[in-house]
Amino acid sequence: MNTDPWTTGRRPENGTGPHEDLHEDLPEGLYESLYGGPADAPSNGPEGGPEGGPEGGPEGGPEGDGVIRPYGDTTDDGMVQLSFTLPLPHGPRAEGAALQLARRMGMERPLVVHSKAVGGTDFSFFVVYGAVAHTVDLDRVVVAERDYPLLSAKEADAAVRDRLGRRLVVLGACIGTDAHTVGIDAILNIKGFAGEKGLEYYRQMRVLNLGAQVPVGELVRRAGAERADAVLVSQAVTQRDAHLTNVRELSAELRASFAEHERPLLVVGGPRFDPAAAATLGADRIFGRGTTPGDVASYLVHALVPAAPVVPAAVLEDVG
């Protein structure tokens, strides 16, 4: 039975991690060649100075209440785990290269905790564990927040029926060479995802799922023929940034084919997109990992359905 805490995911009872007490039996000089210093050397930051810089933070400034460090074995120890592949045959030289890369990325005393050959004999995969001096300033974290209410299917249907007066037309597809339809199916198909029904379930939406590997020109043509209100695109293939290239191409063709007030809304989703990059890609909205049909439906209502009229307080008082 495997009891190694670093492969089973369990922490040892004494609270020490893989960076503790593992170097005592190394031959003389081996630690220095691997880690660039004696085993009993003080723990320094990536540049060789005191950890965290002269003022307590890696940027040299004071740390406030909103600053946190990674957690591995003990609070604020800065331990992180990193995985990557190198184009080298598996062996001691490849592990030495992995350790060198980790040190150059700012890891202190990195350890290769897992490695194996991949792709025959020409590549090696590594998991490296070590400490970093870097911190996270929560006051500077910027994310794309949801700026619209999350609606149930019943609420979304009522808003479209009462305030738009017709059904929304939604086209969905995977474009280019992308054949991964799991994402677009999860959002559109009636069976849905994460316990939520897909957009086909909504009575006030007419949904057309065009499937995989749809050429950009064909999707634009269908959007015009169906008088689509929104075009939903899912992209999982990311080699050579194909997902970014495809979205930019689709955005350009939609803008060239439609007047601005008639252009369908372009909504993009996929695990490798940055939701904050919608404007740079020419999309109206980008959804990332964990998106549910309700998220998308609520956004479509927010973006395409006129807002409910605001009744002045004086009118409400008169009615009362």
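The values are calculated or read from the model by the stated rules, or taken from the named source; none is laboratory data. All values reported here derive from a predicted model rather than from experimental measurement. Every residue, glycine among them, receives a Cβ derived from its backbone with ideal geometry; neighbour counts consider all protein chains shown. Please note that ligands, DNA and RNA were not included when accessible areas were found on the heavy atoms of the full protein model with its side chains. Shrake-Rupley method; radii C 1.70, N 1.55, O 1.52, S 1.80 Å.
The residues of region 184-240 that are of a type in the set (Lys, Arg), in contact (Cβ under 8 Å) with a residue 40 or more places away in the chain and not in a helix (DSSP H, G or I), listed by number, are LYS197, ARG203, ARG227.
Quick one: which of GLN213, GLN239, GLN204 is open to solvent by 20 Å² or more (accessible area, probe 1.4 Å) and on the phi > 0 side of the Ramachandran plot? Every option except GLN213 fails the conditions. What are the residues in region 284-304 that are open to solvent by less than 10 Å² (accessible area, probe 1.4 Å) and more than 17 Å from the chain's Cα centre (by Cα), if any? Correct list: PRO293, GLY294, ALA297, SER298, LEU300, VAL301. Filtered by the rule that a residue be open to solvent by 40 Å² or more (accessible area, probe 1.4 Å), β-branched (Val, Ile, Thr) and in contact with a strand residue (DSSP E or B) (Cβ under 8 Å, 6 or more places away or on another chain), region 136-170 gives a lone residue, VAL136. Taking first residues from region 257-268 that are open to solvent by 10 Å² or more (accessible area, probe 1.4 Å) and partners that are not hydroxyl-bearing (Ser, Thr, Tyr) and not in a strand (DSSP E or B), the Cβ contacts under 6 Å between residues at least 6 apart in sequence or on separate chains come to SER257/VAL220; ARG263/LEU254; LEU265/ASP284; LEU265/ALA303.
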